[in-house]
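Scroll down for the structure; my scribbles are underneath it.
The values are calculated or read from the model by the stated rules, or taken from the named source; none is laboratory data. Worth saying up front: this structure is predicted, and the values here are computed from it rather than measured. Glycine also receives a Cβ, built like all others from the backbone with ideal geometry; neighbour counts cover every protein chain displayed. Note: areas computed on protein heavy atoms with side chains; ligands, DNA, RNA excluded. Shrake-Rupley method; radii C 1.70, N 1.55, O 1.52, S 1.80 Å.
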Amino acid sequence: MSSSNDSGAKLISKGIAVVAFLFMLHSGYSAREYLLYSKSIGRQDPSLPIDIVLECLGALAVMTIAVVLGVGELRPISYEAEMKRYSVDGIYSRPSFQVFNHRGRFLHPLKPAVAITEK
Amino acid sequence: MSSSLKLLAEIRQSSERRPFEVLKLSEPLLNKGSISQAGDDVWLVYEQVFIAAIDEGEIDVAKAVLEILHKRFGGSQRVKRLYGMINEAVGYPDEAKKLYDEMLEKDATNVLASKRLIALLKSQGQYSIAIQELVSYLDTHGNDFEAWLELAHLYLANHLYAQAAFCLEEVILQQPANHYFHLCYAEVNYTMGCLDIALKEYLRVVELSTDNVRGFYGIKLAADRILDITSHGAGKSRDSSHFKVENAPQKATLERLSQLATERLVAIYSGTNDATKKTVEAWLKL
């Protein structure tokens with residue numbers, strides 16, 4: 001259940017990120033239009049109106065947050081947290097040096113054989 | 001991807017040796033053919049199942065899997081190595097050796113083949129030759145920490161602690177933040193009686209890994225033994241010949257370290273059941 005909820009939330013945040021990106025494009029387009037317009041009426045002050053700046057910055061903030069939330073499960077960055085995932089058996093095992101003439105084959109002798117079907 | 005494929009991938013990445021679980025998880029996958037859901041990883045899964053199968057002595061399964069791998073990667077050296085391994089498992093070490101030698105003839109730098117040859121010597125109980133081979137292997141591949149670790153364990157199997165400690169130093173040099181290697185190094189030093197180094201390394205273990213029980217037990221043991229030796233007069237006890245008392249911390253520091261280890265151990269075990277708690281407290285002499 002929780003995983004499906006998670007993926008749903010991720011989808012929503014990805015959607016929000018896309019919408020925010022469109023808003024950012026829109027603010028860029030508005031800025032261009034505004035500058036062309038001011039040039040054509042010969043205005044001296046080329047600074048952008050506050051609503052375009054706010055739209056751009058707001059969209060950027062929303063998009064950053066949405067992308068971070070939608071990217072997947074975040075993992076801790078400390079080396080210790082990473083090491084917690086490994087057990088002492090895994091660390092001390094040397095897979096390239098395994099030997100196979102051991103008692104393993106006598107431990108589960110009565111298991112039914114697996115039939116292999118190749119696809 | 002199905003949950004058993006995920007579990008198999010987890011086991012593969014942890015490099016733990018759990019052949020029984022691998023076979024159990026892969027049995028339905030192999031029978032139903034749903035193993036192909038693994039995508040590109042399917043060949044890794046086959047290799048994993050193969051190694052688990054020869055570990056468990058399921059030679060029929062191993063042969064069937066090997067057939068599939070051989071069909072896909074005909075001239076592959078990696079598959080040839082698997083042929084060598086199945087020969088080892090069924091008791092034809094000479095055949096296996098021949099295959100590995102052929103691999104090395106084709107490519108003298110084939111790391112996997114050289115490692116198998118050393119493992120083969122180990123499986124035949126020829127430890128001293130295996131050590132010789134591994135030492136010359138490490139002359140060329142000095143950055144292979146797995147080989148250093150293997151050499152350390154070969155030395156340990158022959159009670160050559162000083163040599164093992166040297167190998168573990170090399171391993172620590174390559175992975176200084178991995179507390180498991182510090183732990184092993186500390187234990188080897190403790191066994192040799194180098195209590196000052198052992199104590200330092202145990203402290204490093206608990207520094208790198210919060211509330212590491214094995215580390216705290218080690219601190220307590222090492223600190224108490226140094227205290228014991230120093231209080232009986234340095235030089236008289238045969239234990240003190242392996243380390244200089246001057247290198248160990250002050251008496252007050254040692255007492256506080258021992259106390260701290262006791263406190264932490266009690267705190268760590270406070271959440272467990274009564275029987276465990278009693279055992280721990282009895283050992284700690286509370």
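Among the residues of segment A:68-102, the ones that are more than 7 Å from chain B (Cβ to nearest Cβ), part of a helix (DSSP H, G or I) and in contact with a Ser or Thr (Cβ under 8 Å, 6 or more places away or on another chain) come to 2 in all. Of everything listed in (1) more than 8 Å from chain A (Cβ to nearest Cβ); (2) in a helix (DSSP H, G or I), the single unmet condition for B:Leu23 is (1).
Quick check on my filter: what residues within segment B:137-147 are part of a helix (DSSP H, G or I), open to solvent by less than 50 Å² (accessible area, probe 1.4 Å) and more than 10 Å from chain A (Cβ to nearest Cβ)? First the steps, then the outcome.
Step one: filter segment B:137-147 for residues part of a helix (DSSP H, G or I), giving B:137-140, B:145-147.
Pick out the ones that are also open to solvent by less than 50 Å² (accessible area, probe 1.4 Å) and you get B:137-138, B:146-147.
Across segment B:137-147, the qualifying residues are B:Tyr137, B:Leu138.
Right, B:Ala64: part of a helix (DSSP H, G or I) and out of contact with any strand residue (DSSP E or B) (no Cβ under 6 Å at 6 or more places or on another chain) or not? Explain how you work it out, then say what you get.
Details: part of a helix (DSSP H, G or I): yes; out of contact with any strand residue (DSSP E or B) (no Cβ under 6 Å at 6 or more places or on another chain): yes.
Here the answer is yes, as B:Ala64 does meet what is asked.
Scanning segment B:127-136 turns up no residue that is surrounded by fewer than 19 Cβ atoms within 10 Å (Cβ to Cβ), of a type in the set (Gly, Ala, Ser) and not in a helix (DSSP H, G or I).
Taking A:Leu57, is it more than 7 Å from every other protein chain (Cβ to nearest Cβ) and modelled with pLDDT under 85?
Working: more than 7 Å from every other protein chain (Cβ to nearest Cβ): yes; modelled with pLDDT under 85: no.
Considered against the rule, which asks whether it is more than 7 Å from every other protein chain (Cβ to nearest Cβ) and modelled with pLDDT under 85, A:Leu57 comes out as no.
Have a look at B:Ile51, B:Ile11 and point out the one that is within 8 Å of chain A (Cβ to nearest Cβ), modelled with pLDDT of 90 or more, assigned to a helix (DSSP H, G or I) and closer than 24 Å to A:Ser87 by Cβ.
Numbers: B:Ile11 fails: within 8 Å of chain A (Cβ to nearest Cβ).
Among B:Ile51, B:Ile11, only B:Ile51 is within 8 Å of chain A (Cβ to nearest Cβ), modelled with pLDDT of 90 or more, assigned to a helix (DSSP H, G or I) and closer than 24 Å to A:Ser87 by Cβ.
Looking across segment B:32-76, the residues that are more than 18 Å from A:Val99 (Cα to Cα) and of a type in the set (Gly, Ala, Ser) come down to B:Gly33, B:Ser34, B:Ser36, B:Ala38, B:Gly39, B:Ala64, B:Gly74, B:Gly75, B:Ser76. Hey, could you check segment B:26-43 for residues that are open to solvent by 40 Å² or more (accessible area, probe 1.4 Å) and under 17 Å from B:Val61 (Cβ atoms) and say which is farthest from the other protein chains (Cβ to nearest Cβ)? It comes out as B:Trp43.
From the list B:Leu227, B:Leu203, B:Leu168, the lone residue that is at pLDDT below 95 and either buried (at least 21 other Cβ atoms within 10 Å of the Cβ) or not in a loop (DSSP other than H, G, I, E, B) (or both) is B:Leu227.
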